[in-house]
Amino acid sequence: MAPRSADSSMADLSATQASAGVVRGVFAHSPAAVVAAAATELADLAATLMQSRQTILPKRLAEPGPDAAQLQQILGAAACAPDHGQLLPWRFVLLPLDARALLAEQFAAALLERDAAALPEQLEQAREKAFRSPCLMLVVVDGACGDPEIDLAERLLSAGCAVQNLLLMATALGFGSALTSGKALKANGLRRLFGLGDGDQALCFVSIGTAHSRKPARLRPQAADYVSHLTPKQGVQPGFGPP
Ligand SMILES: Cc1cc2nc3c(=O)[nH]c(=O)nc-3n(C[C@H](O)[C@H](O)[C@H](O)COP(=O)(O)O)c2cc1C
């Protein structure tokens, strides 16, 4: 996909959103040629959606956040992720506003654990991060449930797919979103707060809300930058290789 600006992608997205229902209808009722045309339209729609997603930092995410039905839709999208062995190795813990103070205390405690000399204003800054963005959730992966042959890497990959689905659905609904991590994710107090077991790993937070400002979209790499191919005589070579 060629790099595009977020603004042009967002405009395309609303135009193509309107045709999504048409595309679905065509798949259900039409002969092969029409289905092929609809597939092109659907691929364009998918590309536009993916290009429209960009990180909007939590401090730039304001009300309104997703309502209950939208949140169901966003979290429901995670279920479409590939999941080897259907272990359901990942989960999302929602943090409604009335629970954020608990997280704020753990952010401050984690900072104090790392730096006993942290100043009151630094602790306050750490606490404040828990209150940003109207919709906040923690992503957890379980490295131990079910089949031990399915290792942590596979579980993390499945979690990444689930998170991307969720981010794309939030984008499709017009919301901005961000993933954030940080050292507090490994702190004992935070692990206790979320009831994490020995095999659980807190991966990152997901924030969703209405973007009140955006940075220009970053330039995306071209596929040739990260694709190579195996040749019979010269091993792995850069790029796509012969068609
Ligand atoms: C697991 C994960 C954790 C992240 N944590 C942070 C973070 O703590 N702070 C931050 O500014 N961005 C964080 N990011 C966002 C990346 O910095 C961002 O995706 C990257 O800059 C690319 O920008 P884009 O999302 O707009 O394409 C995180 C991304 C991932 C995948």
Evaluated at 37 °C with a viscosity of 0.692 mPa s, what Stokes-Einstein diffusion coefficient in µm²/s does the chain have when Rh comes from the Kirkwood expression over alpha-carbon pairs? 160 µm²/s
Between GLU113 and ARG214, Cβ-based FRET efficiency (R0 35 Å, step 0.05) works out to 0.50
To test your reading of the geometry: what angle, between 0 and 90 degrees and rounded to tens, separates the Cα axis of helix 32-52 from the longest principal axis of the chain? 30 degrees
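Using a simple charge model, +1 on the beta-carbon of Lys and Arg, -1 on the beta-carbon of Asp and Glu, nothing else, what dipole does the stretch 99-243 show about its Cα centre, in debye to the nearest 20?
620 debye
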In the chain, lysine pairs with alpha-carbon atoms under 19 angstrom apart (chain gap of 8 or more, or interchain): 5
Applying the Karplus parametrisation 6.51 cos²θ - 1.76 cosθ + 1.60 with θ = phi - 60° to the phi angles of the stretch 67-75, what ³J(HN,Hα) value in whole Hz is obtained for each residue in order, glycine and proline being reported as x? 7, 4, 5, 5, 5, 4, 5, 5, 6
Summing -39500 (n - 2.57) over the DSSP H runs of n ≥ 4 in the chain and dividing by its residue number, what mean residue ellipticity at 222 nm do you reach, to the nearest 500 deg cm²/dmol? -14500 deg cm²/dmol
Give me PHE205, PHE240 sorted ascending by neighbouring Cβ count inside 10 Å, so fewest comes first. PHE240, PHE205
Which angle from 0 to 90°, rounded to the nearest 10, does the C-alpha axis of helix 100-114 make with the longest principal axis of the chain? 70 degrees
Which residues' amide hydrogens lie under 5 Å from the amide hydrogen of CYS204, considering only partners 5 or more residues apart or on another chain, with H built in the peptide plane? VAL139
3J(HN,Hα) from dihedral phi, the stretch 187-197, Karplus parametrisation 6.51/-1.76/1.60, rounded to Hz, x for glycine, proline: 5, 4, x, 5, 4, 5, 4, 9, x, 6, x
When the Karplus curve 6.51 cos²θ - 1.76 cosθ + 1.60 is applied with θ = phi - 60°, which whole-Hz ³J(HN,Hα) does each residue of the stretch 208-224 get, with x for Gly and Pro? 9, x, 8, 6, 8, 7, 10, 8, x, 4, 6, 6, 8, x, 8, 4, 5
Two-site label geometry, LEU88 and ALA69: point separation in nm, points 7 Å out along Cα→Cβ: 2.5 nm
Nearest 10 degrees, 0 to 90: what angle lies between the long axis of helix 6-29 and the longest principal axis of the chain (Cα atoms)? 60 degrees
Give the relative contact order (percent, whole number) for the chain; include only Cα pairs under 8 Å separated by 6+ residues. 28 percent
List the GluC sites (Glu not before Pro) within the stretch 87-157 that DSSP assigns to loop and that have no more than 14 neighbouring Cβ atoms inside 10 Å. GLU149
Calculate how large, on average over all directions, the projected area of the Cα convex hull of the stretch 104-243 is; give the answer in nm² to one decimal. 13.7 nm²
Run the Debye formula on the Cα coordinates of the stretch 112-185, all scatterers equal and no solvent, and tell me log10 I(q)/I(0) at q = 0.18 1/Å. -0.91
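Rule-based calculations on the coordinates, nothing more; no lab input. Bear in mind the structure is a predicted one, so any value in this text is a computation, not a measurement. Because the Cβ atoms are built from the backbone with ideal geometry, glycine has one as well, and the counts that use them run over all protein chains shown.
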